[in-house]
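The values are calculated or read from the model by the stated rules, or taken from the named source; none is laboratory data. Bear in mind that the values here come from a model prediction, so they are computed numbers and not experimental data. Reconstructed Cβ throughout: ideal geometry from the backbone, glycine too, with neighbour counts over all protein chains shown. Remember, those area values only see protein heavy atoms, side chains included, never the ligands or the DNA or RNA. Shrake-Rupley method; radii C 1.70, N 1.55, O 1.52, S 1.80 Å.
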Amino acid sequence: MENANQVINAEEIQNRPEFNGTVNIDGTIYAVGLLWQSLQNPDDPLPEIRELIESEPGFDLYCLRPASAPQYGIGKKSMGHAEGQPSAAAAVASAYADKTSVCAVFRIKEGWWFVSIRNDLILSEEDRLFLREEDAQRAFFSMMAVPDWDVKIAPAEWQIDGAEQIVLADLIKNARKVRLQELSAMRKTQFLVGMALFIIALLVVIFYLVSSLWESVFTPKKIVAVPTPEVIKPIEPTPEKPKPWEKIPEIETFLNKCWNNSYQLNNLLIPQWKMNTVTCTPAGIETSWNKQSGGRIAFFKAAIDEYKISRVTIQMNENGTSAKGNITFTDLPTIATIPTLTVDQIRDEFIDITQATNLPIHFSKKSVQDPPNNPDGSVPPNQQTYEFYSFEVSSGYSPWEWKKFFDKFSGLELLKIEYNPAIEAINNKWKYEGRIYAK
């Protein structure tokens, strides 16, 4: 149990081999000091976890943290980590699941444990146990240079404005436990699943062959005189051109990809480099960085290598003063969503939403011809005119908070999402553009 007046014997702690890797919280051994990374492929996490463990000497354990931005942490048995130990950082993140940014120092009997969670991501190498109070203060104050923390936790005697002292045991006693496991455990599970699927497939094939053989041997064949049919040349139907709302990028997947990748890019802290607006479209995500005073290419490359954000293509300009990054979406599914409202009904809905929320939603009625007019201005045959309302709105609400608005309308196509972390006014950090087709 934590005690603000307890005396911490650093020499006694250093004599224990696990002094920098485990802490005892109310009788439960928790793992600290894990190396955290963003998970690029939650459906098949093993390859990237194995790649990192094999590239980082000494690491031999891992844990998976499911969240809006999935992560995995890796640990070392040499630090006292063991299979089955829960992660203290993941427990704090679970306790503050409704918050996105937490910076905390907890005074415990082993020392001072420091953890930082930014944009729902446990920051890489910011899950650390300090034996000296001044080292913990230094780490905490360095993170205070980053603004907009939802929660700040520190010992009361530090007198940090806006911070509170919290007992770690009380905070995480009911939190979800994310436990360490060996890489071989996942391999064994996948092997058993694969064997089970193989046996099921084999049984299906055997059953099919036995059924076919039984039918061929014991079913008498019927001889039926078949008249020669008159050959009629079929009339090839003119294929109907798909309507614009019959192949629209699926919104929930688009929002998820934009949300996760935007926050992963924003979490890529590069000293003396400033990230510009992140733009999401159904084709992918792109952003750019500008070098600030004191910045270097070496800082940029080191940050890219450290965070290991895969699928990002980086292009540096010749002078080394700016860089562009993009992620291409190759697996964004499309759906058909049939419009249900007339243009007048869509207009009334926009007016009512604007009046209810006081949000500056810019909307206008437009139309598109498909196929378009010929170069000489003549109208091609079978041309269709589709009416829609385009909309554009800037707000502080995240994509998932806007999902209820997007789900309200059938025939809605989301064209662009922009996230600008540099804007001071929180109400304008997100910008959305799209259109709603009329029936």
Inset, instruction - Treat each spin label as a single point 7 Å out from the Cα along the C-beta direction, and report the T28 to T357 distance in nm. - result: 3.9 nm
Inset, instruction - Label the range 309-439 by shape, choosing from rounded, prolate and oblate, from the square roots a ≥ b ≥ c of the eigenvalues of the Cα gyration tensor; if a/c is under 1.5 it is rounded, and otherwise prolate applies when a/b is larger than b/c, oblate when it is not. - result: oblate
Legend entry - Intensity falloff of the range 261-332 expressed as log10 I(q)/I(0), Debye formula with alpha-carbon point scatterers, at q = 0.14, 0.26 Å⁻¹: -0.40, -1.30
Legend entry - Per residue solvent-accessible surface (Å²) - the range 86-178, probe of 1.4 Å: 42 Å²
Legend entry - Protein accessible area in the range 248-367, 1.4 Å probe - carbon and sulfur %: 48 percent
Legend entry - Where the range 342-439 is the region considered: accessible area per residue in Å², 1.4 Å probe: 56 Å²
Inset, instruction - For the range 247-260, take each phi angle, set θ = phi - 60°, evaluate the Karplus expression 6.51 cos²θ - 1.76 cosθ + 1.60, and give the result in whole Hz per residue in order, putting x for glycine and proline. - result: 8, 10, x, 5, 5, 4, 5, 4, 4, 4, 5, 5, 4, 4
Legend entry - Solvent-accessible area per residue for the range 274-333 (1.4 angstrom probe, square angstrom): 57 Å²
Inset, instruction - Can you tell me which of 249-255, 367-373, 198-204 comes out highest on packing, and rank the rest after it, using the mean Cβ neighbours within 10 Å? - result: 249-255, 367-373, 198-204
Legend entry - Most to least accessible of L213, L359 (protein chains only, probe 1.4 Å): L213, L359
Legend entry - Rounded if a/c under 1.5, otherwise prolate or oblate - the range 30-98, Cα gyration tensor axes: oblate
Legend entry - Charge dipole magnitude, Cβ of K and R +1, D and E -1 - the range 262-378, Cα centre, debye nearest 20: 660 debye
Inset, instruction - Report the accessible area of M316, computed with a 1.4 Å probe over the heavy atoms of all protein chains in place, in Å² rounded to the nearest 10. - result: 70 Å²
